[in-house]
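S.K.: First the structure, then my questions, so here it is.
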Amino acid sequence: MQLEETCRGRDLPDDVPESPQLDEKRRVLEARVKRFMEQARRIIGDRKFSMWKGSVVTSVVGTFLTQNVTDQLSSNAFMNLAAEFPLSKNGSNVKQSANVPLIKDACDLGESERADAGSTDEGGNCCDKGIEELIAALRTGELANWGKDRIREVLYDSFEKPTAAKIFSDIASMGDTSHWNSLLREAYDNGYRKGNTDDTVDWEALLNSPFAKIAKCIQDRGSQFQMAFRILSFLIRIKRDHGSIDLEWLRYVPRAKAKRYLRSINGLGAKSVDCIRLLSLRHRAFPVDTNVARIVTRLGWVELEPLPDSQEFHLVSAYPVMADIQKYLEPLLCKVPANEVYELHCQQITFGKSICTERRPNCGACPLTAECKYYQSLANRLASLYIPSIYYITSKHARALLRTQYKLLLQPDICFCRPADSILTISRIDLK
Ligand code: SF4
């Protein structure tokens, strides 16, 4: 099946901004992307697009679970949910519950405030009656009648302060989202028909299970109470707004609208939304995490303010924030086919974790030195010190000396070389 055939969301005109300047920037960046991908394929192998099998709902919950924790912890948390709430071949193990009303009672308690989950362990005891009553009230829509003080009291009795504050903030940001159901109607007009999805988790069973049980499944990843609340409130919202736990119809609406819908979900920031769009909806989105931000900054894919004269690029410790980089690159990469953006994204994550690491990048193994600002800066520094262009430093003492006296960032047994030099000129130096 061709990738583009599965993308039914049309582009709106403002999805792809046009101007001669943008076209020129796109041309330059696309050439750089192509070079990066060719080199990355050589050193880290094939990262080609593979079809995401799960549903959009699974993708959203999976994205919640990956926030601020390692891949292993988030995968384990998801597998625990799948083991605890398996989907039978005949669909959900529970009858369609009637306890989530289709007409949404707004639970608007204050200013909206969304943030990705924190990664700290949470203390507290969630097994009390109060929190289960609060969740039951959330399911039925009764929570809107509780009032802030009662909600606060239950949360602060059940959890430690930081967790209670985060969950309260999530509740406070729940507005009336029922208007989004018009998007589902638009999807039907565009040909969407409800069918089976490849889910592994029985979301209906999870929605109706005790809060404590869900939190226990995911406790090893940390932030389990906040995350359990976030998953439950997400499932409750879509069931209440659209009548079932299904978001496959997002594939049938214009991409810009699907993006706005995902941004309206509590706990999904710009990066999380773009991950879901790229991996699940197969939109042309470019999520920027710390690895991607570091690589594109070092390779000069984003324009930076000039550094002060005394500041060397390889010693810069703080790069532009991820959201700004994402905003800058999105209109420039929006014409690159989604499967190529997917491959680029996967390559950069692997490249950033294994070669272009935050500290001590392995420039000696990198084929992109000629276009890397970090490397150029380091090479210029070495040249100014009359140090041979390529050399190995084998002694700890020598490395310490260079680090303290010349403020060079060194890596164990690594060679530095100026781009024009040939690797054949390597000489071994030991500065004991
Ligand atoms: S040369 Fe070094 S800093 Fe530059 S991209 Fe390669 S590994 Fe990263």
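Nothing in this text is a laboratory measurement; each read-out follows from the coordinates by a stated rule. All values derive from a computational prediction rather than experimental measurement. Cβ atoms come from the backbone with ideal geometry, glycine included; neighbour counts cover every protein chain shown.
S.K.: Given 0.36 nm per residue, what is the gain on full extension from residue 380 to residue 27 after removing their alpha carbon distance, in nm?
M.R.: Roughly 124.2 nm would be gained on extension.
S.K.: What spacing in nm lies between the two simple spin-label points modelled at residue 34 and residue 75, each 7 Å away from Cα in the Cβ direction?
M.R.: Using points 7 Å along Cα→Cβ, the separation is 3.5 nm.
S.K.: While we're looking at this one, here's another question. To the nearest µm²/s, what D does Stokes-Einstein give for segment 118-222 at 20 °C and 1.002 mPa s, using the Kirkwood radius over alpha carbon pairs as Rh?
M.R.: Stokes-Einstein gives a translational diffusion coefficient of 132 µm²/s.
S.K.: Between residue 145 and residue 289, how many nm apart are label points set 7 Å from Cα along the C-beta direction?
M.R.: Taking the simple label geometry, residue 145 and residue 289 are separated by 4.5 nm.
S.K.: By how many nm would the segment from residue 133 to residue 327 grow when fully extended, if each residue of separation counts as 0.36 nm and the alpha-carbon distance is taken off?
M.R.: 65.7 nm is the gain from fully extending residue 133 to residue 327.
S.K.: Give me log10 I(q)/I(0) at q = 0.14, 0.17 Å⁻¹ for segment 187-320, Debye formula, one equal scatterer per alpha-carbon, no solvent.
M.R.: -0.83, -1.04
S.K.: Given the peptides 190-198, 34-42, 204-212, arrange them by the average over their residues of other C-beta atoms within 10 Å, most packed first.
M.R.: Per-residue mean Cβ counts within 10 Å order the peptides as 204-212, 34-42, 190-198.
S.K.: Oh, and also: Quick one: if the Förster radius is 51 Å, what FRET efficiency do residue 309 and residue 196 give, using the C-beta to C-beta distance and rounding to 0.05?
M.R.: The pair residue 309/residue 196 has a calculated efficiency of 0.20.
S.K.: Could I ask something else about it? At 7 Å along Cα-to-Cβ for each site, give me the label-to-label distance between residue 83 and residue 41 in nm.
M.R.: 4.0 nm
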